[in-house]
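Just so it is clear, none of the values below were taken in a lab; they were calculated from the coordinates. As the structure is a prediction and not an experimental result, all values here were calculated from the model. Glycine also receives a Cβ, built like all others from the backbone with ideal geometry; neighbour counts cover every protein chain displayed.
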Amino acid sequence: MEDGFKEKNITEKKSRFGSIRIFHHYYELDEEKLARNNIVLLTCLILLIIFAPVFSSVKFQLLSSQILLSLIIVSSISSLNFKRKNLHRLISLSLLALILMWLAYFFGEPLIRMLSNLSIFVFTITITFSMIAHVAKEKDVKPSIILNAINSYLLMGIIAALNFDLIDHVSIEFFNGLHALKFPESFVPAFSDYLYFSFVTMTTLGYGDITPAIPIAKSATLIVSIGGQLYLTILVAMLVGKYLSNPGRK
């Protein structure tokens, strides 16, 4: 393999995922494979956001959320072309996140759950910022770029949900024993509830059924609402500008 890299900058390798071009510093998927992988990621995100919360059984809802989060972590790695070094780091971080997530599911320890949320939070931020940077740098508006823009927005909602979940559990376990978010009485929040609150905040709908109850939660809410609006205005303007400036546009 190393000799091949010295002799050629690009080689072709066949796998069950199709033809993959292997660069000296990159593992590069072609446009068709990137678009397909982003569709898989988008499908998992939609299932987590829309369909997982509808199950009446709390155990089944938790299990479905765990499975879909695992699929999102795995599929997001193949949604972009990464440098080989960065790819290895992402794989290591994803494995850590997956291990902690399932340990938290089976053992239910609050500390393991917080570590799990933190590891998923760091991994998701890394993927999301990589997607946004890729959309910003790319000159042509291709299907994979549009899918990257959609997926990064939905991933921002998951980042916000993980943030609210982490703040809430830290507040309960280590501070005053009260929720950082104010939920309806006799209500035990699940991850889908934090996800719901994050998207309601990002889109500035503000229904008021869930509200921040402590200063740090209020600050996080403001950051999420501002960030969601900035993303839509800047990224949409950027994509439209790239499309209009393309000389090959018909």
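Miscellaneous remarks
- Viscosity 1.002 mPa s, temperature 20 °C, Stokes-Einstein D of the stretch 59-102 from Kirkwood C-alpha radius, µm²/s: 191
- Label point distance in nm, VAL40-SER245, each placed 7 Å from Cα along Cα→Cβ: 3.3
- Each of GLY108, PHE183, SER144 was scored by the projection of its Cα onto the charge dipole of the chain, and the greatest displacement toward the positive side belongs to SER144; charges sit on the C-beta of Lys, Arg, Asp and Glu.
- When the convex hull of its Cα atoms is projected in every direction, mean area for the stretch 2-245 (nm²): 15.1
- Charge tally for LEU166 (other residues, Cβ to Cβ under 13 Å; Lys, Arg +1; Asp, Glu -1): -2.
- Virtual paramagnetic centre 7 Å along Cα→Cβ of ASP30, amide N under 19 Å, in the stretch 80-115: 80-82
- In this simple spin-label approximation, LEU230 and LEU103 carry label points 7 Å from Cα along the Cα→Cβ vector, and these lie 3.4 nm apart.
- Cross-linked pairs LYS85/LYS139; LYS83/LYS139; LYS137/LYS242; LYS85/LYS242; LYS182/LYS218: Cα-Cα separations exceed 21 Å for LYS85/LYS139; LYS85/LYS242.
- Those residues of the stretch 224-247 whose amide nitrogen sits under 15 Å from the label point placed on PHE187, 7 Å along Cα→Cβ: none
- With the simple model of a label 7 Å out from the Cα in the direction of the Cβ, LEU205 to PHE55 spans 2.2 nm.
- Packing here is the average count of other Cβ atoms within 10 Å per residue, and on that basis the peptides 44-51, 213-220, highest first, run 44-51, 213-220.
- Sites LEU47 and HIS88 - FRET efficiency at Förster radius 41 Å, r taken between beta-carbons, to 0.05: 0.90
- Environment charge at PRO110 (Cβ cut-off 13 Å; Lys +1, Arg +1, Asp -1, Glu -1): -3
- Rounded to whole Å, sorted largest first: equivalent-ellipsoid semi-axes of the stretch 120-212, Cα gyration tensor: 32, 15, 8
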